[in-house]
Amino acid sequence: MLKGFKDFIMQGNVIDLAVAVVIGTAFASIVDAFTSAIINPLIALLGGNSEIGFAVQLLDNNPETRMDFGLLLTAIINFLLIAAIIYFVLVGPMNKMKEAAAKRKGIDAPASDNDLLVEIRDLLAGRPLTHPSDPKSPSGES
């Protein structure tokens with residue numbers, strides 16, 4: 001049982017996920033600080049001179065009925081900033097590195113879904129397997 005757990009933990013996906021969670025949490029705190037120090041005052045400025053900015057108080061005597069649209073806007077900006085940072089700092093460069101490594105190893109780009117379906121069709125029909133982009137291939141006709 002412990003060996004199975006060790007194998008599970010040592011899988012690349014689990015380690016990648018753990019790193020992503022830690023980095024995402026660190027980026028979230030930076031983005032939270034940015035939005036609370038810079039974005040929130042700008043949103044309040046756009047809200048006008050009203051004491052509650054972009055919020056709406058539904059019942060005057062009940063503060064629980066306050067709908068704060070500025071807070072929602074801040075949360076949306078937080079999400080978009082975190083997603084953009086993670087994509088452009090981690091995902092994009094990692095994909096480029098994987099493509100470069102595949103080219104160095106001589107591995108072609110992965111086949112498209114259409115190419116794979118053509119190969120499956122040809123195999124089921126008993127035809128010789130050829131690449132769909134090959135002009136001599138029966139499936140290479142466009």
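The values are calculated or read from the model by the stated rules, or taken from the named source; none is laboratory data. Bear in mind the structure is a predicted one, so any value in this text is a computation, not a measurement. Quick reminder, even Gly has a Cβ in these numbers, built from the backbone with ideal geometry, and neighbours come from all protein chains shown. Heavy atoms of the whole protein, side chains included, go into the accessibility calculation; ligands, DNA and RNA do not. Shrake-Rupley method; radii C 1.70, N 1.55, O 1.52, S 1.80 Å.
Cβ-Cβ distances below 6 Å connect the following pairs, each with a first residue in segment 110-126 that is touching a residue at least 12 places away in the same chain (Cβ under 8 Å), a second residue that is open to solvent by less than 100 Å² (accessible area, probe 1.4 Å) and assigned to a helix (DSSP H, G or I), and a separation of six or more residues or different chains: 118/139. Among residues of segment 6-27 that are aromatic (Phe, Trp, Tyr), those with a beta-carbon under 6 Å from a residue that is modelled with pLDDT of 75 or more at least six positions away or on a different chain give the pairs 27/82; 27/85.
In segment 23-38, of all residues being at pLDDT below 80 and loosely packed, with under 14 Cβ neighbours inside 10 Å, the one that is nearest to residue 77 (Cα to Cα) corresponds to 36. Against the numbered list (1) surrounded by 12 or more Cβ atoms within 10 Å (Cβ to Cβ); (2) free of Cβ contacts under 8 Å to residues at least 40 places away in the same chain; (3) within 12 Å of the chain's Cα centre (by Cα), residue 82 comes up short only at (2). Taking the criterion of being touching a helix residue (DSSP H, G or I) at 6+ places or on another chain (Cβ under 8 Å), open to solvent by 90 Å² or more (accessible area, probe 1.4 Å) and modelled with pLDDT of 75 or more, would at least one residue in segment 92-113 satisfy it? No: zero hits.
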